[in-house]
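A quick write-up on the structure given underneath.
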């Protein structure tokens, strides 16, 4: 079985997290607009609907990508740099 390179795996994880950071806020904006549009089309004036949907969309689609961004910058990028430094020293 082929040994998986740790640096390659971390780069793929980094790319996946970057895609999530871009797609999740866009999906959150889209769902928020669609919720408001549907509520207005059905003549719903419940402020609770707007608060609950805004809060849940905000947590899931905006705070989660912010946490992923912090994880990438503080942990994942440092691991990639450390592996690059180790490989550079090992090669001489």
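Give 80, 64, 49, 76 a once-over and let me know the one that is surrounded by 13 or more Cβ atoms within 10 Å (Cβ to Cβ) and over 22 Å from the mean Cα position of the chain (by Cα).
49
Going by what's in this entry, would residue 89 be described as exposed (fewer than 14 other Cβ atoms within 10 Å of the Cβ), free of Cβ contacts under 8 Å to residues at least 12 places away in the same chain, within 16 Å of the chain's Cα centre (by Cα) and at negative phi?
no
Coordinate-derived values only; no laboratory data. Because the structure is predicted, anything quoted here is derived from the model rather than measured. In this analysis, Cβ positions are derived from the backbone assuming ideal geometry, glycine residues included, and neighbour counts consider all displayed protein chains.
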